[in-house]
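Just below is one structure, and these are the notes that go with it.
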Amino acid sequence: MRNLKMKFRRIELNMSQTELAKRAGVTRQTIGLIEAGEFNPSINLCIAICRALEVTLNDLFWEANGNETEKE
Amino acid sequence: MKRKKSNLDELQELKLLKIESRGYWLAFWGLMIVILAEILANETLQAIMGELVVFFVLGIYMVVSRCFAGIGERKWDMNRKTILIISSIAGLGVAVFESIFFIMQSSNQPCLRGTVNGLGTFVLSCLLCVLYVRVVKRRQDTLNAEPDDEKDDTNA
């Protein structure tokens, strides 16, 4: 499942994947794969991404139901 | 084809990866020791061909996979100093081993021949390390190139 919330929040902040990766302490590739839903990050990385995007874990990673994130 | 669901949870998966990684290195170093022992035991090239092929396949697989994934060294910063240290260790190892080998063979000037081979290994190691660093860097630059957000995430 693609993480569109994360992608939209990043675009909202006018931030590139490279900038977000730098702030979260990972490579650009990792951010791309998380947004594409091809990599499940650890809780520590989720927290780092949330801090970089100034949101909570719930805002980016919680799914109340299966419809919130786009299914592949 | 539908992929079969794993019976393992995340922690078990990580542990299994670690076990498999240790298995790889055990095979790598074990084969290297066996090959060196066989050379010292004066085995013919044909006798150790199988071990040599598997050993080189293991090594080449590791290097090529890392280059392709753009993954460099985990802990070391591959700068000139590190490359010189790695190459020196390789050169010294070969010089000592070859000297022992030539002494056991009762060859002429065993230490000189060992040193020459060691120097050759040092130069070759330097060149290969520099090449490896450049290829990995180029691959990292390609993988870390910013994709266009408007497009789909195919460049993830």
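The values are calculated or read from the model by the stated rules, or taken from the named source; none is laboratory data. Quick caveat: nothing in here was measured; it's all calculated off a predicted structure. With ideal geometry, Cβ positions are generated from the backbone for all residues, glycine too; neighbour counts draw on all protein chains shown. For the accessible areas, the whole protein counts, side chains as well, though only heavy atoms, and no ligand, DNA or RNA atoms are used. Shrake-Rupley method; radii C 1.70, N 1.55, O 1.52, S 1.80 Å.
Listed values, structure above:
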| item | result |
| --- | --- |
| Odd one out for B:F102 among (1) surrounded by 13 or more Cβ atoms within 10 Å (Cβ to Cβ); (2) within 24 Å of the chain's Cα centre (by Cα); (3) not polar (S, T, N, Q) | (2) |
| Which listed residue, of B:Y61, B:Y24, is among the aromatic types (F, W, Y), more than 29 Å from B:Q105 (Cα to Cα) and open to solvent by less than 60 Å² (accessible area, probe 1.4 Å) | B:Y24 |
| Neighbours by Cβ (under 8 Å, 6+ apart or cross-chain): first from region B:138-149, more than 8 Å from every other protein chain (Cβ to nearest Cβ) and closer than 12 Å to B:G72 by Cα; second assigned to a helix (DSSP H, G or I) and open to solvent by less than 70 Å² (accessible area, probe 1.4 Å) | B:R139/B:C67; B:R139/B:A69 |
| Residue that is most open to solvent (accessible area, probe 1.4 Å), among those in region A:15-53 that are polar (S, T, N, Q) and more than 7 Å from chain B (Cβ to nearest Cβ) | A:N40 |
| Check on A:E12, at pLDDT below 90 and either touching a helix residue (DSSP H, G or I) at 6+ places or on another chain (Cβ under 7 Å) or open to solvent by 30 Å² or more (accessible area, probe 1.4 Å) (or both) | no |
| A:A52 vs. criteria at pLDDT 90 or above and more than 19 Å from B:G70 (Cα to Cα) | yes |
